[in-house]
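What follows is one structure encoded as structure tokens, with my remarks underneath.
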Amino acid sequence: MKYFVTVNGNTLEVSVVERLGRLRVTLGGQPLDFSYEEADQLGQVVLFSEGRSYGVSIEGGDTEVDVKLAGYLYDIQLEDERERAAHAAERAATGGGGPVKSVMPGVVVSLCVEEGQTVEAGQPLLILEAMKMQNEIDAPQAGIVKAVHIVEGQAVAAGEKLLTLAAEPD
Amino acid sequence: MKYFVTVNGNTLEVSVVERLGRLRVTLGGQPLDFSYEEADQLGQVVLFSEGRSYGVSIEGGDTEVDVKLAGYLYDIQLEDERERAAHAAERAATGGGGPVKSVMPGVVVSLCVEEGQTVEAGQPLLILEAMKMQNEIDAPQAGIVKAVHIVEGQAVAAGEKLLTLAAEPD
Amino acid sequence: MFTRILIANRGEIALRIIRTAREMGVECVSIYSRADQSSLHTRMAHVAVPLGDGPPATTYLDMDKVIAAAQETGAQAIHPGYGFLAENAEFARRVSAAGLAWIGPPPQAIEAMGDKITSRQAMERAGVPIVPGTEEPLEGPEEAAVIAERIGYPIALKASAGGGGKGIRVVERVADLDGAFRTASGEALGAFGDGRLYVEKYLGHARHIEIQVLFDSQGNGVHLGERECSIQRRHQKLVEECPSVVIDDDLRARMGEVALRAGSSVNYAGAGTVEFLFEDGDFYFLEMNTRLQVEHPVTEMVTGVDLVREQLRVAAGEPLGFTQADLKFNGHAIEVRINAEDPAHGFLPSTGRLSNLRLPSGPWVRLDSAMYRGLEVGTTYDPMLAKVIVWGPDRERAIARMERALEELNVGGVRTGAPAALAVLRSAGFRAGDFDTHYLENLDLHAPAEWEGLAAAAAAVFRHKRAHRRALATTSANRDPWLARSRREWSDHARRTARREMPDA
Amino acid sequence: MFTRILIANRGEIALRIIRTAREMGVECVSIYSRADQSSLHTRMAHVAVPLGDGPPATTYLDMDKVIAAAQETGAQAIHPGYGFLAENAEFARRVSAAGLAWIGPPPQAIEAMGDKITSRQAMERAGVPIVPGTEEPLEGPEEAAVIAERIGYPIALKASAGGGGKGIRVVERVADLDGAFRTASGEALGAFGDGRLYVEKYLGHARHIEIQVLFDSQGNGVHLGERECSIQRRHQKLVEECPSVVIDDDLRARMGEVALRAGSSVNYAGAGTVEFLFEDGDFYFLEMNTRLQVEHPVTEMVTGVDLVREQLRVAAGEPLGFTQADLKFNGHAIEVRINAEDPAHGFLPSTGRLSNLRLPSGPWVRLDSAMYRGLEVGTTYDPMLAKVIVWGPDRERAIARMERALEELNVGGVRTGAPAALAVLRSAGFRAGDFDTHYLENLDLHAPAEWEGLAAAAAAVFRHKRAHRRALATTSANRDPWLARSRREWSDHARRTARREMPDA
């Protein structure tokens, strides 16, 4: 299976094939000397690659994976070819906009924009209070506020859609 | 249910009744102010009794339980009434003898007695090597070696019967 | 000495206090909310008192409940830890009125230092240097603009009743003043019930350096040197060390003397911290924290003094029994706070269930932690889960040791700030000792490019193995449609209960 | 300094070495047997080399494999830890012959000290006091009886090639000599491939006190004070401390001087320990351990010196760079070994799977451990799982801290010697400093009567809840006989795989 793996803003192509219990991994088309041993069932994994071993921790789901290695966190997004095509179609339809989701649970204390308003990248959209801190949620890109999904005072969960932005028409 | 609980050589009577989710425990016939909360599913338990709380760890099966409390280990044997009666009958039948079991896995390096031999309490029965130490296994009581279940050089598991002793006829 | 104390707190600090109390033969009463019923501070206490199911306001912050818990369990004193009721003078008074000892400074000292504005005034009178700014609460953003014009931008808006980085905003230019005033005031109102703000000159490249002091109730006081706390994100400390590379013996003695003067001027007793901003060899009083601080362990590792033990001794009326000359500073200590937060996304809070813990240990590594496998990390309480503290004979070796310890650490289920701390420790500026309170803001917190490919490959294999396991499960379940359904139902049930039924798993 | 070393060991000592090496920027190669493939020393290394599935003889003790692993991975040096090949002069020679550095003393020094008999002779020549006894191996029990008659009972039979308590028997009277000779010789043959024994006067109330020494290869040597290791069971140390209550500055200096003389006489280099028996103010050379010792951390905590770091520096040819006068002894440290053993049954080995771990931490607690949840503890390897080390400003506070740490510790799945250590720490003789190497044998190791009733009640409720859960499972399963069967099958399957399918459980 081929995956498009995004890490630190770079998208790498990784293919993984398992034959008779042996893994064959390519990275950017090149074969990678790679083995993967689960040390327990909690996410502790020992990797061997190019003569080195790495005690890493891996957690997540199909499309979002955290790899912790040497004290660092690699925050990774995965797509297979079908998902990549679907996402590309979606981006084409929304002109590059999309939902702004809450990255944490909290309460909307103040809404700074309204539907139809044009916003610049970095402009505050709303203020979310979580863990007693007020956090400004900024526009990830320039565009038009297509929809507002929340009201002031509303409690939101992590991952909940707050607003939908549409790219500004050229 | 009533249990006969042996700890540090003393046998205590404990009864446990649960009604509508509430535990009622008596110790030696006296009601005990006692609550038992499982802090996780691994054996960490919080006990509350007589105005004190205790973070303890409990592991084992129905008849052998280890309770770890304040850094100490209480090595506990339990019998219900049926088991107690059965054990008493067994002791009566064997005249107080019984099997000598291995408390650890190891290899029998030397057998010091043979079938039919009379032994004193504390007399070496065999030498078991485990973790590179030679351990003398001594007779727990005086008696006659009724059966030898192992041979020299044999590997034995923890809990395996080594010999059976019978009490000496009066 | 007391025979039993109540600890009016939770988390790592409750454990920290329990540990010293146990070592002193003092029994501990813990209080706990329903959410904390399996927490370590509940399990490790001699007596644990439930305060019901509710937010902090009806549990850890409910003065009546806390004092009643102490009285019902025969505790003779209350240790407030930090946060919650630790700097609440009314609580301190009510504890004393209830006939209990208060393990903290006198209520008057808390009050004098608790209000940023009156404390600035008091310190000015005591001859302690302070940062230029207002002392009165601001009427509104307009007044702030006038003062800012006088003292010059950047300025800092701060909550009069504040602390812990809440209700603080830095303003670089007049255009941002309105918005900053609104959010800071709102945050202050939410956090402290008091939205008043004051303004101060913002020092552009200041370091945050604080002095630990310790007074007994006989009027003796010593300082235990400084802590360097300039590595902060969102005005919250992340990495702390003792000593600071910019403080020499002479400066330490001078700052210590000023800190003791600050404490004496309010008749301080117990452990406290005088915080300073330090820039170009000058230091300015920032505030005094009238409690034990999160970062107290670095001082402990360098001086060998157990500060909680000293707090208990002072509260029990014992004299310090040692003088400034008896204190020796040995080696270097560093602390890293392990918060549930996401450094890659502006340090926003991270929540989840701790599923996978690998904790650092070994030579000269101290872990003050409330973490256990299964802990639910939510947003009700402070996101600080643990602190890693190391000691080394010098700063270079302490840094190397902390890097090693953070490499060993793994907290599964939430993200933590540990990778950011590692980036700090490995940055040239930090290693050279050349940093200020803005250092972290400007640091690249991306994981190194070196292992991107490996991490990507690992993630792809992780997904591959998940898919493989799912496929296996589906294949065997599909053999019989009825079985497939029952298995699926059981599977949900198993997810909830299987570990309960398999204590040996 | 080396850029990469191989660690020819496993368990906590491999981790201990990895930690220091990482802090020094030195990469580590671990070797591992199949049984250790998930062990921490395998996971924490930079490179891990499998040695196959087999007993120690074909893995950790296979010199060819170990040296090949170092050569294939580009390691420049080998650290042997303790046990396994640590005191094998042939291995040290072969390491050097392979062009690798040996992180240990010269092979001649290992040899000179490795044979108990020749080392006694050498020490006698160097003017080091020794215990009366034979120097030649005994012909048999008859010869032992003749010598015992001369030096007086009790006597100790010891393996000529021995160490670590194996192949040692104390004999109180001539009647027991035959049996003791047979078991000791058999044990020695099994453990060392050499059944020869020698005999020594057995000191009836001696303490075991040892001196840590450190030599560089330029001929400079220092001692790092003593360790008190009299608390032993089956001739294996259980509790160690630094300093010893019976050693004052003058005695420390004298014993240190003798220890340095012992080391110098064999041209020692690196870290080593000279063990003495101490009785009535006199001390007798026992043996020199030509390696790092299990209990080295107590010396580290009191001196601040990282002994593994010094070993690596010396092996890399660096001079010590400090003198005896630079070493300061600060406070008191205690170590407790956590062995898989059952103190209530003569400290027999205990085996099982570590299911439930609660590890001590907090102020001044150091944990050197190879434990993780899921570790299978068998009989193939040494039963030592971990060491708990504490520091305190004085002995009383160090004892209290260790009591606290041991109360926090829980190792589920096997029994450990920790309760016995706790009994030692709480005994009047130990607290008074009044004990010898037989102290532990005579101590009551029963858990205190105080909590018998509570423990009994808890055990009964534990059984009650087990029965209750079983009953619930049976009731719901009985509703449909087909379902009952499938559920039972699934249940067995779930027991094996459920945790694999529930990484978040």
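Read the figures in this text as sums done on the coordinates, not as results from a lab. Every value quoted in this text rests on a predicted model; they were computed, and no experiment measured them. Glycine gets a Cβ as well: all are built from the backbone with ideal geometry, and neighbour counts include every protein chain shown.
Of note:
- Estimated distance in nm for a label pair at C:D280 and C:A126, the labels positioned 7 Å out from Cα along Cα-to-Cβ: 2.7
- Note on segment D:200-237 and segment A:1-27: Cα centroid distance 56 Å, given to the nearest whole angstrom.
- Rounded if a/c under 1.5, otherwise prolate or oblate - chain A, Cα gyration tensor axes: prolate
- If you take the Cα centroid of segment D:372-394 and the Cα centroid of segment C:259-335, the two points sit 36 Å apart.
- Cut-off under 5 Å, modelled amide H: who pairs with A:Q154 long-range: A:V108
- Sorted shortest first, the distances from the C:I151 label point to those of the same residue in the other copies are 8.1 nm; each point sits 7 Å from Cα along Cα-to-Cβ.
- Checking the cross-link pairs C:K65/C:K166; C:K116/C:K166; C:K65/C:K116 against a 25 Å limit on the alpha carbon distance flags C:K65/C:K166; C:K65/C:K116 as lying beyond it.
- If R0 is taken as 56 Å, the Cβ-Cβ distance between D:D176 and C:N330 corresponds to a FRET efficiency of 0.60.
- Structural size metrics of segment D:347-391, computed from C-alpha coordinates, are Rg and Dmax of 12.0, 35 Å.
- Exam field: B:P124 pseudo-label spacings to other copies (7 Å along Cα-Cβ), nanometres: 8.4
- Sites A:A147 and B:K161, calculated FRET efficiency, Cβ-Cβ separation with R0 56 Å, nearest 0.05: 0.15
- Dimensions in Å of chain C - Rg and Dmax from alpha carbons: 24.6, 85
- With eigenvalues of the C-alpha gyration tensor scaled by 5 and rooted, segment A:7-96, Å: 27, 17, 13
- Ellipsoid semi-axes in whole angstrom, largest first, where each is sqrt(5λ) of the Cα gyration tensor of segment D:336-433: 24, 16, 10
- Across q = 0.07, 0.08 Å⁻¹, the protein assembly as shown modelled as identical point scatterers on its alpha-carbon atoms has Debye log10 I(q)/I(0) values of -0.82, -1.08, in the order of the q list.
- Rounded to the nearest 20 debye, dipole of segment C:336-433 from Cβ charges on Lys, Arg, Asp, Glu: 200
- When chain A is turned onto chain B, its residue with the beta carbon nearest the axis, and that distance in whole angstrom, is A:L42, 7.
- Segment C:326-389: trypsin sites (Lys or Arg not before Pro) falling in loop per DSSP and having at most 14 other Cβ within 10 Å: C:K328
- Computed from Cα atoms, the angle from the helix A:81-94 axis to the main principal axis of chain A rounds to 20 degrees.
- Considering only D:G392, D:S96, D:S350, the residue lying farthest towards the positive end of the dipole of the protein assembly as shown is D:S350, judged by Cα position with unit charges set on Cβ.
- Working note: Cα atoms of segment D:132-201, range along each principal axis, descending, whole Å: 29, 22, 20.
- Peptide C:426-436 has a mean shielding of 0, counted as Cβ atoms of other protein chains within 10 Å of each residue's Cβ.
- Tensor-based shape of segment C:42-155 (alpha-carbon gyration tensor, a/c under 1.5 rounded, otherwise prolate or oblate): prolate
- For segment C:198-297, fraction of C-alpha pairs farther apart than 19 Å, in %: 39
- Across segment C:4-103, counting alpha-carbon atoms alone, Rg and Dmax equal 11.9, 33 Å.
- Residue pairs, from the table A:K161/C:K201; C:K387/D:K237; C:K328/C:K387; B:K68/C:K465, whose Cα atoms sit over 31 Å apart: A:K161/C:K201; C:K387/D:K237; B:K68/C:K465
- Projected-area average for segment B:89-147 over all orientations - Cα convex hull basis, square nanometres: 4.2
- Sites counted here are GluC sites (Glu not before Pro) in a DSSP loop (not H, G, I, E or B) having no more than 13 other Cβ atoms within 10 Å; the longest part of chain D that contains none of them is D:173-505.
- Averaged over the residues of C:15-23, the number of partner chain Cβ atoms lying within 10 Å of the residue Cβ comes to 5.
- Assuming charge only on the beta carbon of Lys and Arg (+1) and of Asp and Glu (-1), the dipole of segment A:23-116 about its Cα centre is about 200 debye to the nearest 20.
- Across the identical copies, the 7 Å label point of D:E257, projected outward along Cα→Cβ, sits 4.6 nm from its counterparts, in ascending order.
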